[in-house]
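Peer 1: Sharing a structure here in structure tokens format.
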Amino acid sequence: MGAIREADLWVGKTLFVPIIVRVCQATRQSQYAVARALWLTAGLWILYHAEGWLDRVLTALLCLLLMFSAGLRADLPRLSLLGFRVLWWVLLIIDLLAWIEGKREHFPLSDILILFAEYAATITTIPPRDTRKRRFEAGEAAGR
């Protein structure tokens, strides 16, 4: 389990966290609000591609729950478990293989969005934007 934890930590720090931090800084949202928005987007993607009526009803209920959760408690910290992220990695690999083989019609974007949401929940603090660089660039532009 130690190797899985180290791989999860490395993947999160190198692939997901820098993108999430930039999104949070650009939108001025917390990492928890971004995580909930990503979960809602994944739910809507799944709803759009659902095939049966039961799938659509259950996914629509999930989307409503996610929407109310994002609206009522967007910045409330949430927990992201290693086992849950590993499960989504396995599901992503299975879905990607099925998509490559042609057994699945749509790209598994929902799995990627859920992984982004789960890694966003692991971030403890978002560093402030580098305003010195922007001030320097603004000063150069004004001096021209």
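FYI, it's all coordinate maths here, none of it is from the lab. Bear in mind the structure is a predicted one, so any value in this text is a computation, not a measurement. Don't worry about glycine lacking a Cβ; one is built from the backbone with ideal geometry, like all the others, and counts go over all protein chains shown.
Peer 1: Of Val17, Val57, Val34, how do they rank once you tally other Cβ atoms within 10 Å and put the fewest first?
Peer 2: Final ranking by Cβ density, sparse to dense: Val57, Val17, Val34.
Peer 1: Give the range of the longest stretch in the chain that excludes all GluC sites (Glu not before Pro) found in loop regions by DSSP and having at most 15 other beta-carbon atoms within 10 Å.
Peer 2: 52-104
Peer 1: In addition: On a C-alpha basis, how far is the centre of region 86-135 from the centre of region 13-62 in Å? Whole number, if you could?
Peer 2: 9
Peer 1: Sum -39500 (n - 2.57) across every DSSP H segment of at least 4 residues in the chain, then divide by the residue count to get the 222 nm mean residue ellipticity, nearest 500.
Peer 2: Helices in the chain give a 222 nm mean residue ellipticity of -24500 deg cm²/dmol.
Peer 1: Between Leu91 and Arg28, what is the FRET efficiency for a Förster distance of 30 Å, r being their Cβ-Cβ separation, to the nearest 0.05?
Peer 2: Calculated transfer efficiency: 0.40.
Peer 1: While we're here: Pick the calculated percent of Cα pairs over 20 Å apart for this structure from (1) 57; (2) 44; (3) 67?
Peer 2: (1)
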